[in-house]
There are 2 protein chains.
Amino acid sequence: MTISLYAASIPVFKQMLGSLGAVLAKAEAHAAAKNIDANALLQARLFPDMFALIRQVQIACEFARGASARMAGVEAPKAEDKEQTFADLQALIAGTVAFLDAFTASQIDGQEDREIVLRPGTPKEKRFTGQSYLLSYALPQFFFHVTTTYAILRHNGVELGKRDYMGAY
Amino acid sequence: MTISLYAASIPVFKQMLGSLGAVLAKAEAHAAAKNIDANALLQARLFPDMFALIRQVQIACEFARGASARMAGVEAPKAEDKEQTFADLQALIAGTVAFLDAFTASQIDGQEDREIVLRPGTPKEKRFTGQSYLLSYALPQFFFHVTTTYAILRHNGVELGKRDYMGAY
């Protein structure tokens, strides 16, 4: 027995995107209940040179889409990054999940040795296999932005718990 | 080609524990350079009912040790949680890496279908296979605490970047 590349990626992304949507729904409800301007949360950041909440969600979705596309060897859709509201972020997450759902296991399984090159032709060029790309790069990056979204909201008093972060597993 | 359970766990934990140690070393140096009491960082938290920095590091190490042990079917070492200083945390991380290094791939590979039961006999009992335990539970938990450690330090002004979080990959 071994793990398929599909199993180590698409369901993981989907679990956490599901939790991300639920966490953001609680944040929106919290803002409404407390008469807080939604932008106070959407534009919140943990430090001035860190990304705000909206951008954290955008990047998490970008990693889920981009990683899946790269492993399957298809074009990653270009993000427009126009989201401004909680509803926009929910639509972004739903679109990302739909994008992930369109992959069959056979498109991703077997790509463990596919060469994936980040920032090709630049001094920061980095070469991976499909497997090393997912495990040592894409998953750590993805989890970073999902967790930071949660951290921003917790720091701003939204009542969330680890269960919200974990999603349905 | 598929991914081995060992490859999806031990090297991932080690990469991030390496980065966690480096991040904490920068935090300690930052405190020294700015004449900040180390405890101001070690006891920092993002919200009153969240865990402080020391506990985040302890839990990250606990998940790395516990997940590896559970997958291999050996006893997870009991954490003493006595760490109080940056040096204590570095020793904890080093000990955790040494614990991980003691596993051979053959102890973990092939355990994808092993039944792993969390909180057995309680209303919150949860049954996993080795694979679902790692991918849907242990990795999300582990990354949560590594990222939250980073978030606490960034929020407190320690100069860190994503490269510090990512470690050597």
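Eigenvalues of the Cα gyration tensor times 5, then square-rooted: what semi-axes does that give for the protein assembly as shown, in whole angstrom, largest first?
Semi-axes, largest first: 28, 27, 21 Å.
Taking a label point 7 Å from Cα toward Cβ, how far is A:D113 from its twins in the other copies, in nm, shortest first?
2.6
May I ask you to list the aspartates and glutamates whose Cα is less than 19 Å away from that of B:K34, ignoring any residue fewer than eight positions away on the same chain?
Correct list for B:K34: B:E159.
Between copies, how far does the label point of B:E125 sit from its twins, in nm, shortest first, when each point is 7 Å from Cα along Cα→Cβ?
5.6
Binning at 10 angstrom from zero up to the longest distance, how are the C-alpha pair distances of segment B:25-77 distributed in percent?
All Cα pairs considered, the percentages come to 23, 34, 26, 15, 2.
Calculate the tail of P(r) for segment A:1-109: the fraction of all Cα-Cα distances greater than 16 Å, expressed in %.
61 percent
Cut-off 10 angstrom, C-alpha nodes, Gaussian network model of chain B. Which of B:Q84, B:Q131, B:Q58 fluctuates the most?
B:Q84
Using the crude model of +1 on Lys and Arg Cβ and -1 on Asp and Glu Cβ, and no other charge, please compute the dipole size for segment A:63-141 relative to its Cα centre, in debye to 20.
Its charge dipole is roughly 300 debye.
Do the sum for chain A: with -39,500 (n - 2.57) for every DSSP H run of n ≥ 4, divided by all residues, what is the mean residue ellipticity at 222 nm, to the nearest 500 deg cm²/dmol?
-17500 deg cm²/dmol
Might you report the magnitude of the Cβ-based charge dipole of the protein assembly as shown about its Cα centre, with Lys and Arg at +1 and Asp and Glu at -1, to the nearest 20 debye?
Using only the charged Cβ atoms, the result is roughly 280 debye.
For labels at B:I36 and A:D37 in the simple 7 Å Cα→Cβ model, what's the distance in nm?
2.9 nm
Quick check: convex hull over the Cα atoms of segment B:54-169, volume per residue in Å³, rounded to an integer?
Spread over its residues, the Cα hull of segment B:54-169 gives 131 Å³ apiece.
Name the residue farthest towards the positive end of the dipole of the protein assembly as shown from the options B:Y133, B:V97, B:I54, assuming +1 on Cβ of Lys and Arg, -1 on Cβ of Asp and Glu, about the Cα centre.
In the protein assembly as shown, that residue is B:I54.
Tally Lys/Arg at +1 and Asp/Glu at -1 over every other residue whose Cβ is under 15 Å from the Cβ of A:I116; what's the total?
+2
Report the Cα centroid-to-centroid distance between segment B:13-84 and segment A:89-141 in angstrom, as an integer.
So the two Cα centres are separated by 29 Å.
For segment A:20-169, what relative contact order do you get, as a whole percent, if you take Cα pairs closer than 8 Å and at least 6 residues apart?
32 percent
Excluding the sites themselves, what is the longest stretch of chain A that contains no trypsin sites (Lys or Arg not before Pro) in a DSSP loop with at most 14 other C-beta atoms within 10 Å?
Here the longest run is A:125-169.
Where a ≥ b ≥ c are the square roots of the eigenvalues of the C-alpha gyration tensor, would you call segment B:102-169 rounded, which needs a/c under 1.5, or, failing that, prolate if a/b is larger than b/c, or oblate?
oblate
Distances in nm, one decimal, shortest first, from A:A102 to the same residue in every other copy, taking the label point 7 angstrom along Cα→Cβ.
4.9
Taking the Cα centre of segment A:35-169 as origin and charging only Cβ (+1 Lys, Arg; -1 Asp, Glu), how large is the dipole, in debye to the nearest 20?
Charge dipole of segment A:35-169: 320 debye, to the nearest 20.
Need one value: the accessible area of A:E28 in square angstrom, 1.4 angstrom probe, rounded to the nearest 10.
Roll a 1.4 Å probe over it and A:E28 shows about 80 Å².
The values are calculated or read from the model by the stated rules, or taken from the named source; none is laboratory data. Keep in mind it's a predicted model, so treat the numbers as computed, not measured. Note that each Cβ is placed from the backbone with ideal geometry, even for glycine, and that neighbours are counted across all protein chains shown. Calculation scope for accessible area: heavy atoms of the full protein, side chains included, ligands and nucleic acids excluded. Shrake-Rupley method; radii C 1.70, N 1.55, O 1.52, S 1.80 Å.
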